[in-house]
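Worksheet for the structure shown next.
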């Protein structure tokens with residue numbers, strides 16, 4: 001029997017089920033609309049698409065340079081590139097085909113996260129996790145509906161690592177059946193994106209230490225075995241990749257300094273900016289982590305579910321700490337923490353509102369205002385309403401607003417070269433998304449230019465970028481978002497080229513001879 005101000009339990013269940021079904025349907029539909037142009041295909045995606053295309057069309061795992069085979073370099077790791085190549089093989093070669101493959105992994109990751117939410121907490125938290133996941137990200141670069149629409153490694157990595165945790169949970173009861181699956185999935189996750197390695201290790205070392213402290217020897221042995229076996233597989237998989245690709249690739253290009261400009265940045269001004277931006281965009285995550293930490297160590301301990309809760313909390317917490325104090329501060333780098341951390345935000349909101357009893361909470365606020373005194377429950381509900389009033393509108397505006405780059409101009413540029421220029425025309429550009437679409441010989445700067453340009457443009461270091469775009473004797477030069485941002489073609493444009501055509505995001509220049 002429901003109390004005054006509350007909906008009956010059956011109605012709340014129907015509402016949660018309806019909301020969950022609606023959000024899942026919205027997720028599926030949104031992931032397929034304008035897939036090739038929103039967001040506009042960009043530099044990071046281009047390298048992966050390019051290598052996958054060459055592997056499917058030529059049987060060569062690598063890039064081309066002036067029409068000749070060239071080593072791989074800046075593309076996503078083998079699991080992501082192989083997934084895109086598989087999609088090309090089944091559906092044809094194109095941007096939407098590559099993005100669809102990655103988008104399906106994001107949908108799968110969201111499904112496994114909801115499964116874990118139901119196992120670790122309850123069904124109400126499942127619906128809350130979906131709502132938080134889709135309606136609270138304040139920056140489009142960390143929204144799963146948008147990052148999942150791009151050929152990036154985040155979607156596959158999150159899928160593999162979460163599937164590994166799901167199997168690890170099942171292995172607590174049936175280790176012989178599920179532990180090998182957990183080890184395999186974790187090993188693949190670690191090679192999909194090397195960035196996850198230290199945080200994944202922390203996510204298992206913390207529950208391992210807790211299990212040893214509580215003398216839960218079986219859980220400790222299983223966790224320790226998972227760490228060692230997964231790291232062994234992480235060491236073996238690149239060797240398996242070499243065996244698979246033997247005779248069909250070249251040794252990858254070595255890029256010096258990439259780690260220092262991306263993963264271990266010590267500039268205090270960058271971190272102050274990152275902290276400020278994080279407080280503005282992911283403040284609920286900090287509340288959720290704090291609540292989960294307190295709940296882990298104050299609530300009942302020692303069951304199988306507690307091990308996984310502590311593991312996920314350690315993963316998200318260590319990832320967020322790295323992002324705040326050591327990363328380059330780019331929004332996409334915090335996505336895995338915000339994606340998985342949406343579970344803890346949902347739990348925090350669930351506990352804060354007594355199981356999402358919003359109507360009862362609103363009645364409590366009204367009564368407290370009449371008494372002119374807020375109790376603990378009313379204050380908590382006021383905080384929830386404040387965060388909802390701030391984050392939901394801004395998230396919706398961000399998702400539907402002009403901040404998201406949407407353009408088909410790269411297809412227009414590629415069509416111009418592929419249909420209106422002679423077959424031997426040589427194109428110079430640093431915008432890799434165009435290289436993927438070109439059927440003409442092309443040339444681009446060495447990968448090391450990327451590192452030096454980051455140092456010059458983002459770290460404000462006086463680093464010369466020594467590159468001569470005329471050395472390859474190009475007939476045309478295309479300056480797009482990355483070439484324009486790095487400024488590596490500024491001198492050549494002034495001295496040796498004239499503007500031929502201008503598109504939305506690109507300028508096409510013709511060589512003056």
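The values are calculated or read from the model by the stated rules, or taken from the named source; none is laboratory data. Model, not experiment: these values are computed from the prediction. Ideal geometry is used to build each Cβ from the backbone, glycine not excepted, and the neighbour counts take in all protein chains shown.
Quick notes on this structure:
- Residue within the stretch 273-284 that is in contact with a strand residue (DSSP E or B) (Cβ under 8 Å, 6 or more places away or on another chain) and more than 22 Å from residue 203 (Cα to Cα) present: no
- The listed residue being assigned to a helix (DSSP H, G or I), under 17 Å from residue 201 (Cβ atoms) and at pLDDT below 95, out of 229, 220: 220
- Test for residue 188: is it assigned to a helix (DSSP H, G or I) and in contact (Cβ under 8 Å) with a residue 60 or more places away in the chain: yes
- Any hit, the stretch 486-501, residues being closer than 16 Å to residue 65 by Cβ and under 27 Å from the mean Cα position of the chain (by Cα): no
- Residue that is farthest from the chain's Cα centre (by Cα) [pool: residues in the stretch 171-185 that are surrounded by fewer than 21 Cβ atoms within 10 Å (Cβ to Cβ) and assigned to a helix (DSSP H, G or I)]: 176
- Some residue of the stretch 238-249 being loosely packed, with under 15 Cβ neighbours inside 10 Å, part of a loop (DSSP other than H, G, I, E, B) and touching a strand residue (DSSP E or B) at 6+ places or on another chain (Cβ under 7 Å): yes
- Selection status of residue 291, within 24 Å of the chain's Cα centre (by Cα) and either at pLDDT 80 or above or surrounded by fewer than 21 Cβ atoms within 10 Å (Cβ to Cβ) (or both): no
- Total residues in the stretch 89-103, condition farther than 11 Å from residue 150 by Cα and either in contact with a strand residue (DSSP E or B) (Cβ under 7 Å, 6 or more places away or on another chain) or touching a residue at least 24 places away in the same chain (Cβ under 8 Å) (or both): 3
- Tally of residues being out of contact with any helix residue (DSSP H, G or I) (no Cβ under 8 Å at 6 or more places or on another chain) and closer than 16 Å to residue 311 by Cα across the stretch 163-202: 0
- Unique match (being without any contact (Cβ under 8 Å) to a residue 24 or more places away in the chain, outside any loop (DSSP other than H, G, I, E, B) and under 30 Å from residue 173 (Cα atoms)) among 118, 128: 118
- Residue check for residue 158: at pLDDT 90 or above, assigned by TED's automatic domain parsing to the domain that holds residue 85 and not in a helix (DSSP H, G or I): no
- Among the residues making up the stretch 68-93, those that are closer than 28 Å to residue 426 by Cβ and under 21 Å from the mean Cα position of the chain (by Cα) are 73, 74, 75, 76, 81, 84, 85.
- Number of positions in the stretch 113-129 that are within 16 Å of the chain's Cα centre (by Cα) and surrounded by fewer than 23 Cβ atoms within 10 Å (Cβ to Cβ): 0
- Members of the stretch 318-346 found to be under 13 Å from residue 281 (Cβ atoms) and part of a loop (DSSP other than H, G, I, E, B), listed by number: 329, 330
- For residue 209, the test of being in the same structural domain as residue 315 (by TED's automatic domain parsing), out of contact with any strand residue (DSSP E or B) (no Cβ under 6 Å at 6 or more places or on another chain) and in contact (Cβ under 8 Å) with a residue 24 or more places away in the chain is failed.
- Being modelled with pLDDT of 85 or more, in the same structural domain as residue 296 (by TED's automatic domain parsing) and either buried (at least 20 other Cβ atoms within 10 Å of the Cβ) or farther than 30 Å from residue 162 by Cβ (or both) holds for only one residue in 385, 362, 349, and it is 349.
- Among residues of the stretch 458-499, those that are surrounded by 14 or more Cβ atoms within 10 Å (Cβ to Cβ) and outside any loop (DSSP other than H, G, I, E, B), counted: 14
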